[in-house]
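Accompanying notes for the structure given below.
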Amino acid sequence: MADTTATAPALAMPRIRPGRIVIWTILFIGGVIMITPLLFMFSTSLKTAGQVYDLRLIPANPTLANYERVLSDGRFLRWFFNSTIVAIAVTVSNLFFDSLVGYTLAKFRFRGRQFIFIAILSTLMIPTEMLVIPWYLMSAEFGWLDTYWGIMFPGMMTAFGAFLMKQFFETIPDDFLEAARIDGLNEFAIWWRVAMPLVTPALSALAIFTFLGNWTAFFWPLIVTTSQDLYTLPIGLSSFAVEQSIQWEMIMTGASLATIPTLVVFLALQRYIVRGVMLAGLKG
């Protein structure tokens, strides 16, 4: 019987490129640098007061007593509830209004359409600090100070969201919309039943950006709220840090609990971030 081992093609070993090694090394180092403070935050939350300045990542005697103390504090639960209400309400508002604006600018032809789009984009160049005084004067005039609405109204619609949705709606063939009009659907029904399901990646990416941005918002909620019952988590934790300036383990415990919802949202929908931004960039 002939020996076929000599004629059999040798298995090609995967070629390791030096450039790829350099890229992965840089990414690994960057990932370690970014995640190390987060790991130390969770580690400190499991330490006692005497172990706070021990830089070991794994505590010698980890304890959940800090979490019990924080969760038993009614103020923290109130701040958590406020952040949840604000973040969800602003996210839903952005998905609704920004998609309407984006759809209108992408699929309707009317005089001044480009001017309106440029005017919307130009607001992205205005620093938030310059808008605080007009926002505050409006809130004072309409009685919105120290209210949920006062916290939420500046972010109910965003220029970035309108831009992102416009880019995606432009990728939808007009034939789909014309077929829906022939079937007798009105424009609102076409937007809701035909166009919106086709831009799910953009909606998901916008929802993540908006939720994370409002969950971690600090500057404006600090200015517009005065009572602790309306503090969001970042504001509440800052006041907790002042009151408990020595008990760093309690501060890190509160920060760890505040981070969990953002990690859950990001890990569940992270693929939509990359897909949404990439497609919008390719379209642009």
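Only the coordinates and a few stated rules stand behind these numbers; no lab work does. A quick note: this is a predicted structure, and the numbers were derived from the prediction, not measured. Cβ sites come from the backbone with ideal geometry, for glycine too, and all protein chains shown count toward neighbours.
Think of the chain as having a plus end and a minus end, set by charges on the Cβ of Lys, Arg, Asp and Glu; of Leu64, Ile23, Ala180, Ile23 sits farthest toward the positive end of this dipole.
State which stretch of the chain is the longest one without any exposed chymotrypsin sites (Phe, Trp or Tyr not before Pro), exposure meaning a DSSP loop state and at most 16 other Cβ atoms within 10 Å. For chymotrypsin sites (Phe, Trp or Tyr not before Pro) (loop position, at most 16 other Cβ atoms within 10 Å), the longest site-free span of the chain is 111-217.
Between the alpha-carbon centers of the stretch 192-211 and the stretch 54-124, tell me the distance in whole angstrom. So the separation of the two Cα centres works out to 15 Å. Using the Karplus relation 6.51 cos²θ - 1.76 cosθ + 1.60 with θ = phi - 60°, the per-residue 3J(HN,Hα) values for the stretch 75-87 come to 5, 4, 4, 5, 4, 4, 4, 4, 4, 5, 4, 5, 5 Hz, with x marking Gly and Pro. Helical content of the chain, expressed as a calculated mean residue ellipticity at 222 nm, amounts to -22000 deg cm²/dmol (DSSP H runs of 4 or more residues, -39,500 (n - 2.57) each, divided by residue number, nearest 500).
Dipole check for the chain: with +1 at the C-beta of Lys and Arg, -1 at the C-beta of Asp and Glu, and the Cα centre as origin, the magnitude is about 720 Debye. Kirkwood hydrodynamic radius for the stretch 112-162: how many Å is it when counted over pairs of different Cα atoms? Computed over Cα pairs of the stretch 112-162, the Kirkwood hydrodynamic radius comes out at 12.3 Å. Computed from the C-beta positions of Leu39 and Ile172, the FRET efficiency with R₀ = 45 Å rounds to 0.55.
Across the chain, the longest run free of exposed loop sites, meaning trypsin sites (Lys or Arg not before Pro) lying outside DSSP classes H, G, I, E and B with no more than 13 other Cβ atoms within 10 Å, spans 112-284. Which one, (1) 1.35; (2) 1.13; (3) 0.93, gives Cα Rg over 2.2 N^0.38 Å as derived from the coordinates shown? Calculated Cα Rg over 2.2 N^0.38 Å: the matching label is (1). Among Val199, Ser45, Phe81, flag the residue with its Cα farthest along the positive direction of the charge dipole of the chain, charges on Cβ as +1 for Lys/Arg and -1 for Asp/Glu. Among Val199, Ser45, Phe81, the one farthest towards the positive end of the dipole of the chain is Val199.
Take the Cβ atoms of Met125 and Arg69, set R0 to 30 Å, and the FRET efficiency comes out at 0.10.
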